[in-house]
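Participant: Input: one structure, supplied below.
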Amino acid sequence: MSTDPLPPGAAPRTGRRDAEATKAAILRAARHLLARHAHADITLKAVAERAGVSPPLVLKYFGNKDAVFARVMSFEEDAAALLDAPLDDLGRHMVRHVLVSQRERGSDPLLRIAFAPLQGDHGDILRANFRAQVTGRLAARLPGPGAGLRAELALAALVGLGVMFGIARGTDLRTTPVEEAVARYGPLVQAQLTPTSPTDA
């Protein structure tokens, strides 16, 4: 069996790709559970079962439950995707991102913050991370005065959208095409992001 190194430009080995996919599945499972249960009630076994792996594999990649949830309580990656659009189209992009996340993955990257009161000390970590990594990052992009308040109002609208879709399971919202919902709700979010009046400029 050849042990020659891969030639330049060759694809990475399957094992490495599989490892990254497994880690991603574990983190998705932990996010899903954290958005529905208190941290103290979530077992490593439950995370493994939802991810479709064995508990020892979770330990192999992350070490322990706390290490898994330290990653899950960070909003860095979610914020990068949520805010990845030009400012003049950011409201529509954020609405679309929330709806597509709900429809395709059954979870909303922002909705974890709604469950912070269930999480005890871990809830404090979630809130601090959300303020720094999501609200603060959004506010830093906004022109005009009151950027912090406007960022919070825009995100409040998005969290409400996630609650209506994922928790209240609004029938009409869930059956409406994504782009129609984006066209209706995007301007509401965008109104907080882009100064539109002399007092905002």
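The values are calculated or read from the model by the stated rules, or taken from the named source; none is laboratory data. What you see is a predicted model; the values in this text were computed from it and never measured. Methodologically, a virtual Cβ is constructed for each residue, glycine included, from the backbone with ideal geometry; neighbour enumeration extends over all protein chains shown. Side chains are part of the model used for accessible areas, which takes the heavy atoms of the whole protein and leaves out ligands, DNA and RNA. Shrake-Rupley method; radii C 1.70, N 1.55, O 1.52, S 1.80 Å.
Participant: In what order, largest first, do Met164, Met73 sit by accessible area if the probe radius is 1.4 Å?
Facilitator: Listed by decreasing accessible area, they come as Met164, Met73.
Participant: In addition: Taking springs between alpha-carbon atoms closer than 10 angstrom, which of Leu59, Leu82, Leu27 fluctuates most in the Gaussian network model of the chain?
Facilitator: Looking only at Leu59, Leu82, Leu27, the largest GNM fluctuation is found for Leu59.
Participant: Report, to the nearest whole %, how much of the accessible area of the range 21-180 belongs to carbon and sulfur atoms, 1.4 Å probe, protein only.
Facilitator: Ligands and nucleic acids excluded, carbon and sulfur reach 55 percent.
Participant: Modelled label-to-label distance, Ala191 and Glu77, 7 Å Cα→beta-carbon offset: nm?
Facilitator: For the pair Ala191/Glu77, the computed spacing is 3.5 nm.
Participant: Go through the range 167-173 residue by residue and turn each phi into a ³J(HN,Hα) via Karplus (6.51, -1.76, 1.60, θ = phi - 60°); whole Hz please, and just put x for glycine and proline.
Facilitator: With coefficients 6.51, -1.76 and 1.60, one gets 10, 6, 6, x, 4, 5, 4 Hz.
Participant: Additional query: Excluding ligands, DNA and RNA, what is the solvent-accessible area per residue of the chain at a probe of 1.4 Å, expressed in Å²?
Facilitator: With all protein chains present, the chain gives 54 Å² per residue.
Participant: In whole Å, how far is the Cα centre of the range 134-186 from that of the range 81-109?
Facilitator: 9 Å
Participant: So how strong a dipole does the chain carry about its Cα centre when Lys and Arg Cβ are +1 and Asp and Glu Cβ are -1, to the nearest 20 debye?
Facilitator: It works out to roughly 460 debye.
Participant: Between beta-carbons, use under 15 Å as the cut-off and find the net charge around Asp121, counting Lys and Arg +1, Asp and Glu -1.
Facilitator: -1
Participant: Helix 14-34 versus the longest principal axis of the chain: what is the Cα-based angle in degrees, 0 to 90, to the nearest 10?
Facilitator: Taking the Cα atoms of the chain, the angle to 14-34 is about 50 degrees.
Participant: If you don't mind, another one. Could you compute the FRET efficiency for Leu87 and Ala183, with r as their C-beta to C-beta distance and R0 at 22 Å, rounded to 0.05?
Facilitator: The formula returns an efficiency of 0.75 here.
Participant: Now for a different question. Arg141 to Ala38: extension gain in nm, 0.36 nm per residue of separation minus the Cα-Cα distance?
Facilitator: 33.8 nm
Participant: Tell me, what ³J(HN,Hα) does each residue in the range 37-49 have, in order and in whole Hz, if you take phi through Karplus 6.51 cos²θ - 1.76 cosθ + 1.60 with θ = phi - 60° and put x for Gly and Pro?
Facilitator: Karplus-based 3J(HN,Hα) across the range 37-49 equals 9, 5, 3, 5, 8, 8, 9, 4, 4, 5, 4, 4, 4 Hz.
Participant: While we're here: Taking the dipole about the Cα centre of the chain, with the C-beta of Lys and Arg at +1 and of Asp and Glu at -1, give me whichever of Ala81, Gly170, Thr43 is farthest to the positive side.
Facilitator: It is Thr43.
Participant: With every protein chain kept in the model, how would you rank Ile42, Ile167 by accessible area, 1.4 Å probe, largest at the top?
Facilitator: Heavy-atom accessible area, descending, gives Ile167, Ile42.
Participant: Solvent-accessible area of Glu180, probe 1.4 Å, all protein chains present, reported in Å² to the nearest ten, please.
Facilitator: 80 Å²
Participant: How much accessible surface does Lys45 have with a 1.4 Å probe, in Å² rounded to 10?
Facilitator: 120 Å²
Participant: Helix-derived [θ] at 222 nm for the chain: sum -39500 (n - 2.57) over DSSP H runs of at least 4, divide by residue count, nearest 500?
Facilitator: About -19000 deg cm²/dmol.
Participant: Just one of [x] 71, 46, 34; [y] 50, 41, 36; [z] 68, 35, 29 is Cα extents along the principal axes in Å as worked out from the coordinates here. Which one is it?
Facilitator: [x]
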